[in-house]
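Notes follow once the structure below has been shown.
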């Protein structure tokens, strides 16, 4: 089987994971920057390294680190919120221009009155009365209408702070990725300072922006809203053009593993992004398969064990793996010979059976012309994951989440 090296050298316990622009916006299961940074430094292939690719860019950690290292990068993600986060985090806005615009915004917000709010229609937000107070929505709308008056070149910087505020002032339970509502007694006393939260996020992000802008000779970054399980057009990323892939793919379907779709729905609905309400259907494993579209020896026993326990859950796992394998095939074509692939994965548990996704990842890339180098096993002391997951997909049945990650490193022959 594929060699694993268990070490605490990659845990980065106690490290600052919010350097530069990495602290702009929370996101589920974010890769910490120290991992991407070290992978780029230690596992870049021989020869010129001019292009890094992250096909599941999420919040853009690898793209920021590539930029800091002076390496050009391309990132894709099907989630519109991920695209917004990654785009803003990798843009070198002029800090002075941001500061001036923020002053204009603060002055405008000081003149808030309900009569000054132009857009009071919140029907694009599902069950808005259930998830928000009317006062919070009016204030969010007032922030939006004043952001809309800014230059289009800088407005996304402020919209990203608004995106996080939109979630924070909802009646969502703290610390949850999924859409769970607070208890009624807490809602009665819940009176978020909408403007204060927004301003604090802008100030925080402005500090990160200044740090990022001090880096000289940064690499260029291009981001796309794209589904990696579909063939990449050459104008997105050409075959054989990528030197290194540094990424952290989903560990399973969004409904039962890490709830990317539900976490992102607040912002996606607010901004009217496409598929905001049905994003889970478009993510990996979002549509249930009827057949297996891959051949595996590395996890065949685990899959068979799940199949015997629950045929429906088995097909859900297969659905994810079908999409994941299709994505791997597409990505494999993009790396040059000698190019390096670095995947940070987690091994989920389904019906009490752990699925070794690191083995499956290595096996699928091996089938596409790659050689396995090493799989580094690290503890997860600071990755933002849900404390409990629902691997059985049964109501109220929870188990502890993953405590280790597996960094799979392979080279294209």
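Any read-out appearing in this document is the output of simple, stated calculations on the displayed coordinates, not a laboratory observation. Not measured: the values here are computed from a predicted model. We place every Cβ from the backbone using ideal geometry, glycine too, and count neighbours over all the protein chains shown.
Given only helices, namely DSSP H runs of n ≥ 4 each adding -39500 (n - 2.57), what is the per-residue ellipticity at 222 nm of the chain, to the nearest 500 deg cm²/dmol? Intermediate values should be presented prior to the final figure.
On the way: 14 runs with 159 residues, N = 413.
Only helices count here, giving -12000 deg cm²/dmol.
Can you give the Rg/Rh ratio of the range 1-148, where Rg is from the C-alpha atoms and Rh is the Kirkwood radius?
Values: Rg = 20.5 Å, Rh = 18.8 Å.
Value, to two decimals: 1.09.
Using Cα pairs under 8 angstrom and six or more residues apart, how large is the relative contact order of the range 95-213, in percent? Could you put the intermediate results ahead of the total?
On the way: 79 pairs, mean separation 36.2, N = 119.
Dividing the mean separation by the residue count of the range 95-213 yields 30 percent.
Please rank 290, 37, fewest neighbouring Cβ atoms within 10 Å first, as an exposure proxy.
On the way: 290 7, 37 20.
Arranged by neighbour count, lowest to highest, 290, 37 become 290, 37.
Mean separation of Cα pairs under 8 Å and 6+ residues apart, divided by the residue count of the chain: what relative contact order is that in percent?
RCO, the chain: 23 percent.
Normalised by the empirical 2.2 N^0.38 Å for globular proteins, what value does the Cα Rg of the range 273-390 take?
Working: Rg = 15.5 Å, N = 118, 2.2 N^0.38 = 13.5 Å.
With N residues counted in the range 273-390, Rg over 2.2 N^0.38 Å equals 1.15.
Using a Gaussian network model of the chain whose springs link C-alpha atoms within less than 10 Å, name the residue from 130, 343, 224 with the highest mean-square fluctuation.
Result: 130 has the largest fluctuation of those listed.
Taking a virtual spin label 7 Å from the Cα of residue 377 along the C-beta vector, which residues in the range 1-36 bring their backbone nitrogen under 13 Å of it?
Only 2-8 pass the distance filter.
By average Cβ neighbour count within 10 Å, what is the ranking of 200-213, 133-146, 228-241 from highest down? Spell out each step's value before the answer.
On the way: 200-213: 17.5, 133-146: 19.5, 228-241: 14.9.
Result, highest mean Cβ count within 10 Å first: 133-146, 200-213, 228-241.
Given points 7 Å out from each Cα along the Cα-Cβ axis, report the residue 274 to residue 184 separation in nanometres with one decimal.
4.2 nm
Using only C-alpha positions, report the orientation-averaged shadow area of the convex hull of the range 95-213, nm², one decimal.
Details: hull surface 32.7 nm².
Taking a quarter of the hull surface, the average projection is 8.2 nm².
Which percent of the Cα-Cα distances in the chain go past 33 Å? Intermediate results must be reported in sequence, preceding the final value.
Working: 28544 of 85078 pairs.
Above the 33 Å cut-off, the chain has 34 percent of its Cα pairs.
Scattering from the C-alpha atoms of the range 20-74 alone, worked out with Debye: what is log10 I(q)/I(0) at q = 0.15, 0.29 1/Å?
-0.39, -1.33
Starting from the exponent 0.38 and prefactor 2.2 Å, build the expected Rg for the range 161-202 from its residue count and divide its actual Cα Rg by it. Let's see the in-between values first.
On the way: Rg = 10.8 Å, N = 42, 2.2 N^0.38 = 9.1 Å.
Expressed relative to 2.2 N^0.38 Å, the Cα Rg reads 1.18.
What area, in nm² and to one decimal, does the C-alpha convex hull of the range 195-289 cast on average over all directions? Before the final figure, lay out each step's value.
Details: hull surface 37.7 nm².
Projected over every direction and averaged, the Cα hull of the range 195-289 covers 9.4 nm².
Choose one answer from 163, 108, 332: the residue with the largest mean-square fluctuation in a GNM of the chain with alpha-carbon springs under 10 Å.
Looking only at 163, 108, 332, the largest GNM fluctuation is found for 108.
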